[in-house]
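A short write-up of the structure that comes next.
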Amino acid sequence: MHAAPVLRGGRVARAVWLVAGLFLCACGIVAFLESRLGLPPWDVLHQGIANHTPLSFGFANELVAVVVLFLAWLLGSRPGPGTVANAALIGVFVALVQPLGFVHHLASWPLAARAVLLAAGLAAFGVGSAFYIGAAFGAGPRDSLMLVGAFRSGVRIGVVRAVLEGTALLAGFALGGRVGIGTLVFALLIGPAVEGSFWLISRTRLVT
């Protein structure tokens with residue numbers, strides 16, 4: 001696919017899809033982090049920047065997000081309410097989910113179970129991305145760059161996302177960020193997970 005599907009319904013219905021999608025993304029992030037198999041590629045980059053500058057990990061995250069959003073804007077993407085919601089709500093949802101009792105036990109699961117948890121996290125992130133982007137209120141910085149990159153180049157969304165993740169991973173690794181097997185899995189499979197979710201949703205009655 002070269003573009004995201006657009007979910008049907010008015011602004012209220014699409015706002016519900018937006019929030020639900022962002023919640024799924026947050027659950028995917030928590031599952032990935034609790035699997036303890038490595039940082040996501042962009043976080044490897046944030047860690048590498050923090051290692052070489054006075055910036056904290058959190059501020060490095062914000063700086064990269066601003067730079068990526070500006071680059072996407074230069075390529076023709078336009079921020080919207082979904083962009084703000086992405087920045088504001090995912091962190092809130094992660095903060096709400098992580099303290100839950102059962103979440104604390106996930107990191108102590110055996111390796112095989114944590115590998116399944118990682119796969120579930122990828123699936124949740126892919127489906128969540130499809131819902132929140134499909135709400136057509138605008139995408140977050142990295143998703144905006146993915147979408148406008150696919151539109152401008154004519155390359156499939158999954159390939160563009162894999163290239164972006166791989167670039168962030170290589171840059172972060174060069175700066176000394178920590179890489180694990182989960183990092184590589186995320187870099188290779190998040191693109192297909194997002195594009196596959198777009199494809200599945202586009203074949204339902206949820207889209208216009």
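The values are calculated or read from the model by the stated rules, or taken from the named source; none is laboratory data. Treat the numbers as computed from the prediction; the structure is a model and nothing was measured. Methodologically, a virtual Cβ is constructed for each residue, glycine included, from the backbone with ideal geometry; neighbour enumeration extends over all protein chains shown.
Looking across region 75-122 at every residue that is among the small types (Gly, Ala, Ser) and surrounded by 18 or more Cβ atoms within 10 Å (Cβ to Cβ), the one that is modelled with the highest pLDDT is identified as Gly121. When Ala85, Ala72, Ala65 are screened for being under 27 Å from Leu7 (Cβ atoms) and in contact with a Pro (Cβ under 6 Å, 6 or more places away or on another chain), only Ala65 passes. For Gln47, the conditions (1) at pLDDT 90 or above; (2) more than 30 Å from Gly154 (Cα to Cα); (3) surrounded by fewer than 15 Cβ atoms within 10 Å (Cβ to Cβ); (4) of a type outside the set (Ser, Thr, Tyr) are fulfilled apart from (3). Looking for something buried (at least 16 other Cβ atoms within 10 Å of the Cβ), touching a Pro at 6+ places or on another chain (Cβ under 6 Å) and aliphatic (A, V, I, L, M) - is there at least one such residue anywhere in region 180-193? Yes, some residue in region 180-193 is buried (at least 16 other Cβ atoms within 10 Å of the Cβ), touching a Pro at 6+ places or on another chain (Cβ under 6 Å) and aliphatic (A, V, I, L, M). Inspection of region 76-86 finds no residue satisfying the criterion of being among the basic types (Lys, Arg) and not in a loop (DSSP other than H, G, I, E, B).
Only one entry of Ser35, Ser129 meets the criterion of being touching a Ser or Thr at 6+ places or on another chain (Cβ under 8 Å), among the hydroxyl-bearing types (Ser, Thr, Tyr) and touching a residue at least 60 places away in the same chain (Cβ under 8 Å), and that entry is Ser129. Kindly check whether there is at least one residue in region 117-133 that is touching a helix residue (DSSP H, G or I) at 6+ places or on another chain (Cβ under 8 Å) and of a type in the set (Val, Ile, Thr). Yes: region 117-133 contains one or more residues that are touching a helix residue (DSSP H, G or I) at 6+ places or on another chain (Cβ under 8 Å) and of a type in the set (Val, Ile, Thr).
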